[in-house]
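Below you'll find the structure, written out as structure tokens, and then a few comments.
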């Protein structure tokens, strides 16, 4: 085993020479640790991308109504008849909705609905108001902020826990968005961000 000789009094040259191998070893160790950290990070990123793809497939399946127990009608299902009155006094029925109309279901007590409200208002403001129907469920919360925000840009119907429109679409969770035409569900999405720029879902 190599041992460093004791440095002569008044000099540090030997000490410096003995320190060099340790510095090199520490630098090499740090390099190895950095490489391991990089490899682990890349592995985590790749796994997250795989999870994102799986979640995307799940959302697409839910939107098509392919999972048992999912909320609302599936694409191709016929909507039940309903006759409701909007907050502005206008009567709305299934037959009065134009082809391609978007029907949104939100709830006052739904955190996700409240978070998406500004985006929903922004999206609806770019549509033909007659082609956007928003059903606000006021059960368990104060629906007035939603009604005030949405009324200028959409037809708004206020229900209190499983009203006629919600029953017609089989709603069990919020938010839910549908495109209808000819009394049939033509499309459905789970969030405002997945609604296109046009008037159809």
Seminar exercise, completed: Quick note, region 93-138: a/c under 1.5 would make it rounded; otherwise a/b > b/c is prolate and the rest oblate (a ≥ b ≥ c, C-alpha gyration tensor); here it is oblate
For this session: For residue 144 and residue 122, calculate 0.36 nm times their separation in residues minus their Cα-Cα distance, and state this gained length in nm to one decimal.
Result: 6.1 nm
Exercise. According to a simple spin-label model (label point 7 Å from Cα along Cα-to-Cβ), what is the distance in nm between residue 44 and residue 77?
Worked result: 4.0 nm
For this session: Using only the Cα atoms of region 83-194, build the gyration tensor, take square roots of its eigenvalues as a ≥ b ≥ c, and label the shape rounded, prolate or oblate: rounded if a/c is under 1.5, else prolate if a/b is larger than b/c, else oblate.
Result: rounded
For this session: May I ask you to order 30-36, 73-79 by the average number of other C-beta atoms within 10 Å around their residues, highest value first?
Result: 73-79, 30-36
For this session: Just order 173-184, 37-48 by mean Cβ neighbour count inside 10 Å, highest at the front, would you?
Result: 173-184, 37-48
Problem set entry | Inter-label distance for residue 96 and residue 22, nm, one decimal - labels placed 7 Å from Cα along Cα-to-Cβ | 8.6 nm
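No lab work stands behind these numbers, since they all come straight from the coordinates. Note that the coordinates shown come from a computational prediction; the quantities given were computed from them, not determined experimentally. Positions of Cβ are backbone-derived with ideal geometry, glycine not excepted, and every protein chain shown enters the neighbour counts.
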